[in-house]
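Let me begin by presenting the structure, written as structure tokens, before commenting on it.
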Amino acid sequence: MSLGYLGSYQTVRASIHQKRTSPRPVTARPPTPRTVAGWILRRPESPPEHDRLHLKTVLANCPELEALTRHVRSFATMLTERHGERLPEWLAAVRQDDLPSLHTLAAGIDRYRDAVIAGLTPWNSGVVEGSVQ
């Protein structure tokens, strides 16, 4: 009983040569977590179209990231537009999703809820501003 390869050196050489010279399939490298975080944290209207498409693809493949993106953008809107009164409904929405890291954030915010709402609400101290002695 004979063991081993029975073909010739030329057959092996031709096979290797064919594999080395044939075009390799082009595969895109997945985006880094930092890149995806950047896409999520930017205003939805500001990134270039190709970044929006990449993010859409990533979110389509990961429902948890889609929920996280929704909550992060909702909080950013609440923060930039100073709508502190929306905080309780935001906290309730966060608790409905299975996102442990956001649950931790929500618990921390809940400890200081009144202060956070005050910080997210427009405040004008009027005439007394600048005259505290």
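Under the classification rounded if a/c is under 1.5, otherwise prolate if a/b is larger than b/c and oblate if not, where does the stretch 63-122 fall, given a ≥ b ≥ c as square roots of the Cα gyration tensor eigenvalues? Mind dumping the intermediate values first?
On the way: a/c = 2.52, a/b = 1.45, b/c = 1.74.
It is oblate, given that a/c is not under 1.5 and a/b is not larger than b/c.
Just rank K56, K19, fewest to most, by other beta-carbon atoms within 10 angstrom. Present the calculation step by step, with values, prior to reporting the outcome.
Numbers: K56 12, K19 9.
Arranged by neighbour count, lowest to highest, K56, K19 become K19, K56.
Taking 8 Å as the Cα distance limit and 6 or more residues as the minimum spacing, I'd like the relative contact order of the chain as a percentage.
18
State the dimensionless ratio Rg/Rh of the chain (Rg: radius of gyration of Cα atoms; Rh: Kirkwood radius). Display every interim value, and only then the final one.
On the way: Rg = 27.5 Å, Rh = 19.9 Å.
Rg/Rh for the chain comes to 1.38.
How far is helix 9-21 tilted, in degrees, relative to the longest principal axis of the Cα atoms in the chain, given as a value from 0 to 90 rounded to the nearest 10?
Helix 9-21 sits at roughly 30 degrees to that axis.
Applying the Karplus parametrisation 6.51 cos²θ - 1.76 cosθ + 1.60 with θ = phi - 60° to the phi angles of the stretch 50-55, what ³J(HN,Hα) value in whole Hz is obtained for each residue in order, glycine and proline being reported as x?
Using θ = phi - 60°, the values come out as 5, 5, 4, 5, 4, 4 Hz.
Coordinate-derived values only; no laboratory data. Bear in mind the structure is a predicted one, so any value in this text is a computation, not a measurement. FYI the Cβ positions are ideal-geometry reconstructions off the backbone, even for glycines, and counts take in every protein chain you see.
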